[in-house]
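Visitor: For reference, the structure I am asking about is given below.
The values are calculated or read from the model by the stated rules, or taken from the named source; none is laboratory data. Just so it is clear, the model here is predicted, and its values are computed rather than measured. We place every Cβ from the backbone using ideal geometry, glycine too, and count neighbours over all the protein chains shown.
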Amino acid sequence: MLKLYQFPISHYCEKVRWALELKDLPYRKVNLLPGPHAKKAKKIADNSKLPILLHDKYTIQGSAEIITYLDESFSRRSLTPSDPGEKKLADAWESYADREIGPPVRLLSYHTLLDHRRLVIPMMTQDCPWYSSIMMKTAYPKVSVAMRNLMNINEESAEQARGQISTALDNIVETLGDREFLVGDTFTRADLSVAALLAPLIMPQGYGIDWPETTPEPLASQIAGFKDRLGWVGHIYDNFR
């Protein structure tokens, strides 16, 4: 049995959920709370970062590493191109997304959402044990401060993140042109990675959490500023998730 240790809210964990479900692989989710997760994660892997996948005697940590493992272990619906040139390009796009898209999307989102505990706590505790929301409500002031410090979340860094996201979206639009996929003529880990890490900006149903009915400011206006360049992400979710 495949077992995925994850945060339901995490877009890096969404990468792995997407890959597992695209391959029709049965797996068990183990949802952890931010903060308390560290103790559990360090017992089974090298550090506290999620996602972590357990399969038989193997422990794989990190979304890119997990997707590689899944493609090497399960041949159904490979996400890695067989052509060496396309594989190199897909790996480069995934690495770019992991470095230049995932962190700024997370930072920009939390910069607003951490000020709205009634919105963010349900997303952090979704599908966790019943007592998780009680624990998070009690610990939230410390968790919020810790997250801001860990990710260096402030007005200046949020504006930098907005600029990084805008640059990345420009690169994606320029690369795609009138094509459907970032690499070759099929859906690959490049498309999955870029779309998953941008997903919090479109809040798609396929992601697997209950998004807020309304998005608070300034995040709502910031997302609106990206809207003209996010159509491809919605298309990928509609057709491949």
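Visitor: What's the total number of residues in the stretch 41-54 that are within 17 Å of Lys15 (Cα to Cα) and not charged (D, E, K, R)?
Guide: The qualifying residues number 5.
Visitor: I would also like to ask the following. Just one of (1) surrounded by 17 or more Cβ atoms within 10 Å (Cβ to Cβ); (2) over 22 Å from Glu213 (Cα atoms); (3) of a type in the set (Ser, Thr, Tyr) trips up Ser82, so point out which.
Guide: Going through (1) surrounded by 17 or more Cβ atoms within 10 Å (Cβ to Cβ); (2) over 22 Å from Glu213 (Cα atoms); (3) of a type in the set (Ser, Thr, Tyr) one by one, Ser82 breaks only (1).
Visitor: Could you check the stretch 18-122 for helices (runs of 4 or more DSSP H) lying wholly inside it with 3 or more residues that are more than 18 Å from the chain's Cα centre (by Cα)?
Guide: Answer list for the stretch 18-122: 37-44, 63-73, 84-96.
Visitor: Follow-up question, since we're still on this one. Residue pairs, Cβ under 8 Å, 6 or more apart or interchain, first in the stretch 166-180 and closer than 25 Å to Ser221 by Cα, second modelled with pLDDT of 95 or more and not in a helix (DSSP H, G or I). List them.
Guide: What qualifies is Ser166/Gly225; Ser166/Phe226; Leu169/Phe226; Leu169/Leu230; Ile172/Leu182.
Visitor: Turning to a different aspect of this structure: Among Lys142, Lys137, which is the only one that is among the basic types (Lys, Arg), touching a Gly at 6+ places or on another chain (Cβ under 9 Å) and closer than 25 Å to Pro34 by Cα?
Guide: Lys142
Visitor: How many residues does the stretch 123-165 hold that are under 21 Å from the mean Cα position of the chain (by Cα), of a type in the set (Gly, Ala, Ser) and farther than 20 Å from Ser48 by Cα?
Guide: 4
Visitor: Under the condition of being in contact with a Ser or Thr (Cβ under 8 Å, 6 or more places away or on another chain) and not basic (Lys, Arg), which residue from the stretch 1-30 is surrounded by the most Cβ atoms within 10 Å (Cβ to Cβ)?
Guide: Step by step, filter the stretch 1-30, then rank; the result is Val16.
One line per residue, one yes/no per condition, for (1) modelled with pLDDT of 95 or more; (2) of a type in the set (A, V, I, L, M):
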{"position": "Asn47", "(1), (2)": "no, no"}
{"position": "His55", "(1), (2)": "yes, no"}
{"position": "Gly62", "(1), (2)": "yes, no"}
{"position": "Leu70", "(1), (2)": "yes, yes"}
{"position": "Ala97", "(1), (2)": "yes, yes"}
{"position": "Glu100", "(1), (2)": "yes, no"}
{"position": "Arg106", "(1), (2)": "yes, no"}
